[in-house]
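The values are calculated or read from the model by the stated rules, or taken from the named source; none is laboratory data. On a predicted model such as this, the values are computed, not experimentally measured, just so you know. Glycine also receives a Cβ, built like all others from the backbone with ideal geometry; neighbour counts cover every protein chain displayed.
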Amino acid sequence: MLKGPTLEMAKSATGLDDEAIAKLHPGMEKLFENIDRVTQVQAIAEVVKSENCFADVKVGDKLVFDPNLNPEKSTGVMCPKALLPVLVQLSAIWLCTLL
């Protein structure tokens, strides 16, 4: 169960009330308890292959996550199809950060 400043930060970040916070999955609780470590992770995904891309994603384009997608530091376009495999890997990185 989240308590103190961690509880208040989780409520502020999510807009959830006490009842909803109490129902959070233990993994989400752990995420909020370790938020300082999670926010220190920066990941950069670089396009290494792109053929016939309708969104004009090009080799060398980079998506910067610190920890959320940072459009100001990223280059190229934000293509949902290109983001999906990156987000799967980011979830794994965040999970490892919590261990």
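Restricting attention to the stretch 59-76, report how many residues are surrounded by 12 or more Cβ atoms within 10 Å (Cβ to Cβ) and under 12 Å from Leu87 (Cα atoms).
The qualifying residues number 5.
Spot the failing condition for Asp36; the list is (1) surrounded by 15 or more Cβ atoms within 10 Å (Cβ to Cβ); (2) assigned to a helix (DSSP H, G or I), and only one is missed.
(1)
Only one of (1) surrounded by 12 or more Cβ atoms within 10 Å (Cβ to Cβ); (2) at pLDDT 85 or above is not met by Val48, so which one is it?
Val48 satisfies all of (1) surrounded by 12 or more Cβ atoms within 10 Å (Cβ to Cβ); (2) at pLDDT 85 or above except (1).
Between residues in the stretch 68-87 that are of a type in the set (Ser, Thr, Tyr) and residues that are surrounded by 13 or more Cβ atoms within 10 Å (Cβ to Cβ), which pairs lie under 7 Å by C-beta distance while being six or more apart or on different chains?
Cβ pairs passing all conditions: Ser74/Leu63; Ser74/Val64; Thr75/Asp61.
Is it true that Ala43 is surrounded by fewer than 16 Cβ atoms within 10 Å (Cβ to Cβ), free of Cβ contacts under 8 Å to residues at least 12 places away in the same chain and not polar (S, T, N, Q)?
Answer is no for this residue.
Name every residue in the stretch 19-33 that is part of a helix (DSSP H, G or I), surrounded by 14 or more Cβ atoms within 10 Å (Cβ to Cβ) and free of Cβ contacts under 8 Å to residues at least 24 places away in the same chain, in order of residue number.
Ile21, Met28
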